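Right, one structure below, let's go through it.
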Amino acid sequence: MNGLPNKILYGGDYNPEQWPRGVWEEDMRLFKLARIDIATVNVFSWARNQPDEETYRFEWLDDVLDMLHANGVRACLGTGTAAHPAWMARAYPDVLTVDSQGRKKKYGRRHNSCPNSPTFRLYSERMARKLAERYKDHPALLLWHVNNEMGWRCYCDNCEQAFRVWLRERYETLDALNNAWYTSFWGHTFYDWEEIVLPSQQSEHFSAFGHEATAFPAMSIDYDRFNSDSFLACYQLERDAIKAVIPDAVVTTNFQSNGTYKPLDYFKWAKEMDVVALDSYPESGTPMSQIAMRHDLMRGLKQGKPFLLMEQSPSQLNWREVNPLKRPGVMRLWSYQAVARGAEAVMFFQLRRSAGAFEKFHGAVIDHAGHEHTRVFQECAELGQELQRLGDALIGARTASKVAIVFDWDNWWALEHSSGPTTRLKYLQQIQRYYDAFYSLNVQVDMIGTETRLDEYALVVAPVLYMVKPGFAEKLETYAASGGTFVTTFFSGIVQETDLVTLGGYPGELRKLLGIWVEEIDPLFPGQSNFLVMQGKASLPAVTYSCSLICERLHTEGAETVAVYGADFYAGMPAITRNTFGKGEAWYISSDTEERFLIDLFSELTTRNNIVPVAATPPGVEASARAKDGKRYLFLLNHNDQPAKVNVGKAPLRELLGGSDVSGEASLPAHGVWILEERTE
Ligand code: GLA
Ligand code: ZN
């Protein structure tokens with residue numbers, strides 16, 4: 001990565017402002033023991049740095065950076081704008097947000113600033129500039145960390161005004177907006193931009209079935225886009241202030257919710273970031289494929305470029321109902337899981353556990369005991385030493401995938417704002433189901449956006465592609481025509497980018513490519529199911545599979561019927577179809593099928609396209625690979641609580657972490673990790 005050292009960075013969030021200086025000295029000793037080489041500082045220090053409107057005092061931070069430098073630790077410097085000072089909220093209430101019910105917040109918590117507050121924008125930009133000016137030549141400085149886990153939503157008057165400006169830029173005329181939003185419905189025609197209000201619980205939104213529903217999806221989708229852009233504008237403001245002083249600064253911000261944070265379109269954000277950074281907090285018991293998918297998504301945001309694991313807990317969390325310890329070996333295992341999928345930093349929240357307030361029971365490298373004789377510290381120190389020994393082996397190594405899954409925030413917003421056919425249809429769950437099939441086959445997947453190039457992929461899967469954005473259908477046609485295999489599912493091709501239905505039969509713009517038309521969509525109740533009767537076509541077994549959630553009544557228009565429905569009044573009608581398109585083909589899966597079907601289908605499609613699994617492993621052993629300079633690094637990660645037997649082939653392979661050779665059938669310890677080096681040239 002540009003400007004970053006040639007090893008996997010190791011460290012995390014460090015809050016010396018919470019401690020007397022004497023403790024800092026002890027921290028430096030402990031950092032050294034754990035081979036910590038990066039500390040994220042100043043993330044929540046705005047009030048300390050700026051006690052009032054005019055005064056800035058950074059002496060303590062000078063001291064921190066000097067001390068880090070003297071101890072060989074690089075700084076990931078926070079701009080500190082994730083929590084505004086209390087005096088600012090009192091003097092300028094526009095920094096405070098308003099919730100969907102119209103309640104103005106008082107000063108409190110963090111991540112609490114309105115993204116369209118003039119006060120917030122003025123002072124956050126000024127802070128970023130002052131920090132850049134002060135530290136531009138500081139030798140500890142490595143990376144910039146703007147704000148922290150940016151996001152959430154605001155419904156204040158400034159946001160409303162900014163929404164109107166955003167809409168004017170997008171639509172130019174009210175006629176265009178009225179058409180796009182279909183405002184002839186429920187007499188919503190707007191005659192003046194000032195008539196438009198934010199869609200919230202005070203206007204178009206209401207609570208239904210456990211979520212916030214909307215009466216005007218197009219408006220709510222545009223609000224989502226606007227809100228993501230509003231926060232992005234705040235990020236850009238700080239980034240530009242830094243880059244005006246330090247043109248080659250490496251600037252990032254940390255992504256939340258394990259990288260699948262619904263309010264922000266991370267594909268759009270990633271374009272504005274020098275490197276993607278992720279906060280990963282899996283619950284114990286979270287299927288490991290979920291985290292694998294999110295790591296792959298982080299790598300996909302910048303078309304395969306490595307990312308930083310900016311935060312994970314060395315052990316427990318504090319903010320869930322029950323916050324168990326990470327079992328021995330699990331922190332290391334999960335760290336390598338991220339590295340296997342493209343991470344080039346392993347960082348923790350936090351380096352020293354706070355003595356008070358909300359996070360005092362959150363895991364940390366240095367515990368309340370304050371010394372190195374703890375299980376967690378020892379595990380962290382061992383990992384630090386290991387990463388040091390790895391050196392630059394993996395730096396810049398890329399992941400070669402022939403399969404891509406399309407992930408699109410616009411589609412996510414649109415799909416889940418839709419009223420009907422069923423609130424049970426959830427985008428992330430669907431994406432995960434298709435991902436899981438490849439995960440269990442050990443086939444490497446890239447998570448891609450709608451703008452990513454498709455030509456490198458043999459197989460592209462776009463689950464529930466409800467919204468087809470301009471040009472995307474043509475792109476998919478070109479892809480299939482030139483030999484690619486495309487797979488999509490039920491409830492796809494329904495609307496255009498402002499949620500207007502593509503008329504003439506579903507799946508609208510994808511109809512030609514798929515060679516079908518869908519007449520009716522039938523959602524099923526929980527516990528209800530139908531089944532697929534496979535027709536023995538396309539080298540798939542002539543068996544049956546169950547399906548649920550949604551079934552569709554569809555007709556072929558050139559496609560071959562691979563399976564038909566087994567029950568209900570549409571028994572015998574096509575359920576799975578395959579259409580030859582130019583040199584390639586396009587598949588349609590019209591129902592939410594059991595996982596076994598997806599595994600069988602993708603096993604066949606990968607075989608047919610000469611896509612080979614990265615390795616053969618027993619259940620619970622994850623396999624993933626990175627490659628560079630004629631070498632492939634195969635990661636084998638044992639998520640089981642017991643050792644697993646893995647056959648790595650006859651030829652001995654060097655295992656990078658243990659340093660010895662492995663061959664034949666070998667035993668991978670419980671929670672163990674191997675990185676096997678293979679020559680590919
Ligand atoms: C987030 C924040 C951190 C910290 C952790 C705790 O990721 O960015 O500041 O609060 O959660 O898990
Ligand atoms: Zn606001």
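Couple of notes before you dig in:
- Restricting 258, 254 to residues that are farther than 20 Å from residue 624 by Cβ and buried (at least 19 other Cβ atoms within 10 Å of the Cβ) narrows the list to 254.
- Of the set (1) touching a residue at least 24 places away in the same chain (Cβ under 8 Å); (2) part of a helix (DSSP H, G or I), all apply to residue 100 but (2).
- Matching option when the condition is more than 23 Å from residue 57 (Cα to Cα) and away from ligand 1 (no atom under 16 Å from the Cβ), among 85, 93: 93
- Failed condition for residue 282, given (1) open to solvent by 10 Å² or more (accessible area, probe 1.4 Å); (2) assigned to a loop (DSSP other than H, G, I, E, B); (3) within 23 Å of residue 398 (Cβ to Cβ): (3)
- Verdict on residue 315 being surrounded by fewer than 21 Cβ atoms within 10 Å (Cβ to Cβ), touching a residue at least 60 places away in the same chain (Cβ under 8 Å), in contact with a helix residue (DSSP H, G or I) (Cβ under 7 Å, 6 or more places away or on another chain) and among the hydroxyl-bearing types (Ser, Thr, Tyr): no
- Take the conditions (1) farther than 30 Å from residue 228 by Cβ; (2) out of contact with any Lys or Arg (no Cβ under 8 Å at 6 or more places or on another chain); (3) open to solvent by less than 10 Å² (accessible area, probe 1.4 Å); (4) not small (Gly, Ala, Ser); residue 394 misses just one of them, which is (2).
- Selection count where residues are more than 24 Å from residue 410 (Cβ to Cβ) and touching a residue at least 40 places away in the same chain (Cβ under 8 Å), scope region 244-274: 8
- Candidates 554, 524 - the one that is open to solvent by less than 10 Å² (accessible area, probe 1.4 Å) and over 27 Å from residue 611 (Cβ atoms): 554
For every residue, the table says whether it meets (1) over 30 Å from residue 375 (Cβ atoms); (2) open to solvent by 10 Å² or more (accessible area, probe 1.4 Å).
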| residue | (1), (2) |
| --- | --- |
| 17 | no, yes |
| 30 | no, no |
| 33 | no, yes |
| 48 | yes, yes |
| 57 | yes, yes |
| 61 | yes, no |
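- Selection over region 354-371 of residues that are of a type outside the set (Lys, Arg), open to solvent by 60 Å² or more (accessible area, probe 1.4 Å) and farther than 19 Å from residue 282 by Cα gives a count of 6.
- Exactly one residue out of 90, 121 is away from ligand 2 (no atom under 16 Å from the Cβ) and more than 23 Å from residue 312 (Cα to Cα), and it is 90.
- Qualifying residue in region 250-261 (condition: in the same structural domain as residue 386 (by TED's automatic domain parsing) and within 16 Å of ligand 1 (Cβ to nearest atom)): no
- One residue stands out among those in region 6-65 that are in a loop (DSSP other than H, G, I, E, B), under 27 Å from the mean Cα position of the chain (by Cα) and among the aromatic types (Phe, Trp, Tyr): the one that is nearest to residue 342 (Cα to Cα), which is 14.
- Looking at region 512-574, the strands (runs of 3 or more DSSP E) lying wholly inside it that each contain 1 or more residues that are touching a residue at least 24 places away in the same chain (Cβ under 8 Å), within 35 Å of the chain's Cα centre (by Cα) and within 12 Å of residue 593 (Cα to Cα) sit at 530-534, 544-548, 550-556, 560-565.
- Residue selected from region 318-353 under the condition surrounded by fewer than 17 Cβ atoms within 10 Å (Cβ to Cβ) and either in contact with a Phe, Trp or Tyr (Cβ under 6 Å, 6 or more places away or on another chain) or polar (S, T, N, Q) (or both), by the criterion nearest to residue 639 (Cα to Cα): 323
- Looking only at residues of region 670-681 that are free of Cβ contacts under 8 Å to residues at least 60 places away in the same chain and assigned to a loop (DSSP other than H, G, I, E, B), we find that the one that is surrounded by the fewest Cβ atoms within 10 Å (Cβ to Cβ) is 681.
- Residue under evaluation residue 144, criteria (1) under 18 Å from residue 55 (Cα atoms); (2) within 16 Å of ligand 1 (Cβ to nearest atom); (3) among the hydrophobic types (A, V, I, L, M, F, W, C), criterion not met: (1)
The values are calculated or read from the model by the stated rules, or taken from the named source; none is laboratory data. No experiment lies behind these values; they were computed from the predicted model shown. In this analysis, Cβ positions are derived from the backbone assuming ideal geometry, glycine residues included, and neighbour counts consider all displayed protein chains. Note: areas computed on protein heavy atoms with side chains; ligands, DNA, RNA excluded. Shrake-Rupley method; radii C 1.70, N 1.55, O 1.52, S 1.80 Å.
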